[in-house]
1. Let me check against my output: what whole-number percent is the relative contact order of the range 1-112, with C-alpha pairs under 8 Å and at least 6 apart?
2. Add -39500 (n - 2.57) for each DSSP H run of 4 or more in the chain, then divide by its residues: what number comes out at 222 nm, to the nearest 500 deg cm²/dmol?
3. Running a GNM on the chain with Cα contacts under 10 Å, which residue among Ser295, Ser114, Ser16 ends up with the highest mean-square fluctuation?
4. Would you work out which of Ser87, Val34, Gly224 lies farthest towards the positive end of the dipole of the chain? Charges go on Cβ: Lys and Arg +1, Asp and Glu -1.
5. At most 16 other Cβ atoms within 10 Å and a DSSP loop assignment: could you name the GluC sites (Glu not before Pro) in the range 120-194 that fit?
6. For the modelled label position 7 Å from the Cα of Arg31 along Cα-to-Cβ, which residues of the range 48-70 have backbone nitrogen atoms closer than 19 Å?
7. Based on C-alpha coordinates, I'd like the Rg and Dmax of the range 196-249, in Å.
8. Compare the Cα positions of Val353, Thr68, Gly158 along the charge dipole of the chain (+1 at Cβ of Lys, Arg; -1 at Cβ of Asp, Glu; about the Cα centre) and return the one farthest towards the positive end.
Amino acid sequence: MNKTIFHIDVNSAFLSWSAVEELNKAKREGRTAVDLRTVPSIVGGDVKKRRGIVTAASIPAKKLGIRTAQPVTDAFRLCPELIIVKSDFGLYRARSAELMELLCGYSQILQKMSIDECYLDVTDPVSKMAETHRDTDVRMAAIKLAHEIKGQVHDQLGFTVNIGISSNKVLAKMASDFEKPDKVHTLYPDEIQEKMWPLPVGHLYMAGKASARKLESLGILTIGDLAQSDPVMLESHLKSHGRTLWEYARGRAGDVVRTDRWKAKSESVERTLPRDCIDLADAFQELSKLCRELSGRLYNHSFRACEIAVLIKYADFTSASHQRQLITATREAAEMEAEARTLFEELWDGRPVRLLGVRAGKLVTEGEPVQMSLADFAKERAAYSKKQKADNAMKQIRGRFGQDVIYRGDET
Ligand SMILES: [Mg+2]
């Protein structure tokens with residue numbers, strides 16, 4: 001199945017973040033302030049001496065020819081009324097963390113690329129949106145979700161982002177770089193001829209100045225020219241990078257959003273039941289399905305859970321949850337199910353249940369040490385290595401043939 005990947009990029013991040021901070025400060029102090037984004041302004045350098053290098057420039061400043069990395073003195077020559085504010089990296093880190101936190105609410109498969117940009121794999125939420133709205137297909141749902149996220153970032157955090165949408169990372173990144181600010185763009189593989197091929201070759205992701213110069217000297221001026229070149233010829237001039245760029249120009253790139261640098265805190269699945277559940281056996285059956293789905297997700301991202309929680313929403317819309325720490329971190333459906341059953345029995349008060357959920361919390365990644373008590377350790381050690389082997393074999397099979405092709409004997 002094709003993935004849906006967003007590339008989210010804050011528009012003039014440092015400048016926007018400084019502008020929002022200035023506005024908030026003015027508000028607190030009961031005075032009016034100009035929005036730095038709407039006038040020629042820059043961040044960076046020595047504010048008093050008007051020296052140093054421009055770290056960020058507002059769009060009105062850019063229109064006057066002021067550029068990032070330019071000496072501040074040159075910028076003032078271009079615009080004597082320029083407003084200059086000093087950089088505040090503590091502030092930028094805080095804003096960045098708030099943004100990533102907000103985005104994690106939409107999907108926890110988030111790969112932070114720099115302080116102001118990240119990839120977000122929204123395959124799951126988007127396909128769910130498309131499923132629930134009959135008149136919406138996956139691409140429409142993706143655009144809808146992107147606008148929702150963009151709006152929420154603006155309303156909650158006060159700054160704008162561009163969101164590029166595609167089925168792989170490079171195309172999503174290229175799309176977010178189209179017209180700015182505050183825009184959503186798509187660039188699916190079937191749109192590259194129209195939207196990407198006419199662009200200068202230097203605009204391609206990873207085509208640095210040296211590569212672009214080399215390609216231009218070979219008569220390759222646009223991304224389209226590159227896509228239609230002979231990859232062997234490109235390799236002879238640019239080594240393996242030549243082929244990589246050729247692949248990108250043809251819209252081929254990876255679609256795995258790596259969460260290792262931004263660790264998810266939890267994964268959860270929940271389901272509104274087709275009819276309210278009043279029977280323990282029915283609830284157990286539902287929990288079993290949920291745990292299998294959850295286990296699949298943990299396998300996909302190489303996570304293990306150190307905590308399991310069960311969530312109940314009753315027919316009268318009140319809800320309750322119950323959680324427990326595990327002695328050994330797990331991603332086994334059967335183990336999570338056993339825990340979920342106990343938690344459910346302890347939590348349920350017998351009223352009709354409308355929705356059930358299971359959450360895997362305190363996630364740890366593959367290589368991370370997992371804490372066990374000494375008594376457990378001896379007992380578990382023998383079983384563990386055996387199970388680990390089975391796990392790995394299963395993971396390989398699932399990776400190749402899909403989540404549902406294989407379960408442990410004790411898992412069904
Ligand atoms: Mg940016």
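The values are calculated or read from the model by the stated rules, or taken from the named source; none is laboratory data. Predicted, not measured: the structure shown is a model, and the values here were computed from it. Cβ sites come from the backbone with ideal geometry, for glycine too, and all protein chains shown count toward neighbours. For the accessible areas, the whole protein counts, side chains as well, though only heavy atoms, and no ligand, DNA or RNA atoms are used. Shrake-Rupley method; radii C 1.70, N 1.55, O 1.52, S 1.80 Å.
1. 23 percent
2. -14000 deg cm²/dmol
3. Judging by the Gaussian network model, the answer is Ser114.
4. Ser87
5. Glu179
6. Inside the label zone: 48.
7. When restricted to the Cα atoms of the range 196-249, Rg and Dmax are 9.2, 25 Å.
8. Ranked along the dipole, the leading option is Thr68.
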